Amino acid sequence: MFNDHLTDPSAVIERLRPFDVVCAMRERTPLPREILQQLPNLKLIASTGPRNASIDSQAATDLGIAVTATGYDSTPTIEFTWSLIMANMRGIDREAASLKAGGWQIGLGSNLRGKTLAVVGLGNIGKEIARIGLAFGMKVIAWSQNLTEEKASAAGATLVDKPTLFREADIVTVHLVLSHRTKGLIGAPELALMKPTARLINTSRGPIVDEAALIEALQAHRIAGAAVDVFGVEPLPSDHPFRKLQNLLATPHIGYVTEDLYRTFYGDAADNIAKWLEASASAA
C-alpha cells in the first residue's frame, strides 16, 4: 500500500517494477505505454471505477497486461456537489475559519430558492443535480454539446444555448466527461458572460475549466465565487493561486471519497484479482 503520490515516471517505474498486480485508485497515477513497457512483471491492473482514462488500454493489451474495472456509485459525487454549492453560497468555509480564529460572523449568504441553476451536462450525475435543484425551488437550465430538449425536459430542466446558460445562471455546475471536446470548454468568454453574483462549481474534471481564466475572474471579482474539487495538476502544487483566493472553496478531489464507495472499489478489485488468479492457475 502506497499513500504518497509520485509524479516522476522513473520513480513510478522503480516502485512498481517488482509487482505482478497493481491496484490503481481511479486516475491518480498515469500508466502510459512508456511506463507499462518498463514493467516486465506486470500482468494485471486492477483499476477502481468503471473506466480509467490514465491507463493506456491499448498498450496494456499489446503487452499482455489485463485491465479490470469495478462497480461505481454516483451518489457520493452528487451529494458532495451540493455540499460545495451550499457551502459556497453561504460562505461556510470562511465563517468556520473566522470562528476558529476567535472571530464571529463576517459575511452574508444567499438563498437557493428562486435562483437559476445551470447544469453543464445532464448525464447520470447532472440529471440528479438538476432534480435536487428543483427540490430547493430553483429554476434549472441545462446545456451540453449533444443535449436534446427531450432529455432536458425529462430531467426537469430547460434546454438553452451555451451563451444563455452562462448569462442567466446564478450557479453553474459542471458534469461532463473530460475529452478533446470538453477540455477548456469553459474559459474567459464564458466566465465573462456570468453575473457578478454568480458562482461556478466543478466536481467533474479540472481541465474542462480554463484555470488561468477562472483565477483571473476570481481575482478581479467578476464572479462572486467558485468551488472546485478537481484540478489540472493533482495533487495541487503548494504555490498554486487556488490555495490563496478568498472567494474560492477548494477541496482535494474528494467528491467520490466515501467509505461506502471505497468498499465497492476495493471489494470488487479484490474479487477481480481472485478471479484472475484462478483463471491463471487453470490456464497453467
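Here His240 clears all of (1) surrounded by 15 or more Cβ atoms within 10 Å (Cβ to Cβ); (2) in contact (Cβ under 8 Å) with a residue 12 or more places away in the chain; (3) farther than 25 Å from Thr75 by Cβ except the condition numbered (2). The selection criterion, being under 26 Å from Arg222 (Cα atoms), surrounded by fewer than 17 Cβ atoms within 10 Å (Cβ to Cβ), over 21 Å from the mean Cα position of the chain (by Cα) and modelled with pLDDT of 95 or more, holds for Thr164.
Listed by first and then second residue, the pairs linking a residue in the range 88-111 that is in contact (Cβ under 8 Å) with a residue 12 or more places away in the chain to a residue that is of a type in the set (Phe, Trp, Tyr), with Cβ atoms under 6 Å apart and 6 or more places separating them unless they lie on different chains, form an empty list.
For (1) buried (at least 16 other Cβ atoms within 10 Å of the Cβ); (2) modelled with pLDDT of 95 or more; (3) of a type in the set (Val, Ile, Thr), each residue gets a yes or a no:
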| position | (1), (2), (3) |
| --- | --- |
| Ile13 | yes, yes, yes |
| Pro40 | no, yes, no |
| Pro50 | no, no, no |
| Thr61 | no, yes, yes |
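Test Asp93 against the stated conditions and say whether it is part of a loop (DSSP other than H, G, I, E, B) and either within 24 Å of Ile254 (Cβ to Cβ) or at pLDDT below 95 (or both). So Asp93 does not fit the description; no.
Of all the criteria given as (1) under 20 Å from the mean Cα position of the chain (by Cα); (2) within 28 Å of Asp73 (Cα to Cα); (3) surrounded by 12 or more Cβ atoms within 10 Å (Cβ to Cβ), the one not satisfied by Leu191 is (2).
Restricting the first member to the range 257-268 and to residues that are of a type in the set (A, V, I, L, M, F, W, C), and the second to residues that are crowded, with 16+ Cβ neighbours inside 10 Å and in a helix (DSSP H, G or I), the beta-carbon pairs closer than 6 Å and six or more apart or on different chains are Leu261/Pro76. If we scan the range 255-271, do we find a residue that is β-branched (Val, Ile, Thr), surrounded by fewer than 18 Cβ atoms within 10 Å (Cβ to Cβ) and under 29 Å from Arg90 (Cβ atoms)? Among the residues of the range 255-271, at least one is β-branched (Val, Ile, Thr), surrounded by fewer than 18 Cβ atoms within 10 Å (Cβ to Cβ) and under 29 Å from Arg90 (Cβ atoms), which makes the answer yes.
Just to be sure before I move on: is Ala154 over 21 Å from the mean Cα position of the chain (by Cα), loosely packed, with under 15 Cβ neighbours inside 10 Å, free of Cβ contacts under 8 Å to residues at least 60 places away in the same chain and more than 30 Å from Pro235 (Cβ to Cβ) in the structure I sent?
Values: over 21 Å from the mean Cα position of the chain (by Cα): yes; loosely packed, with under 15 Cβ neighbours inside 10 Å: yes; free of Cβ contacts under 8 Å to residues at least 60 places away in the same chain: yes; more than 30 Å from Pro235 (Cβ to Cβ): yes.
It is true that Ala154 is over 21 Å from the mean Cα position of the chain (by Cα), loosely packed, with under 15 Cβ neighbours inside 10 Å, free of Cβ contacts under 8 Å to residues at least 60 places away in the same chain and more than 30 Å from Pro235 (Cβ to Cβ).
The values are calculated or read from the model by the stated rules, or taken from the named source; none is laboratory data. Every value quoted in this text rests on a predicted model; they were computed, and no experiment measured them. Counting neighbours? That spans all protein chains shown, and the Cβs are built from the backbone with ideal geometry, glycine included.
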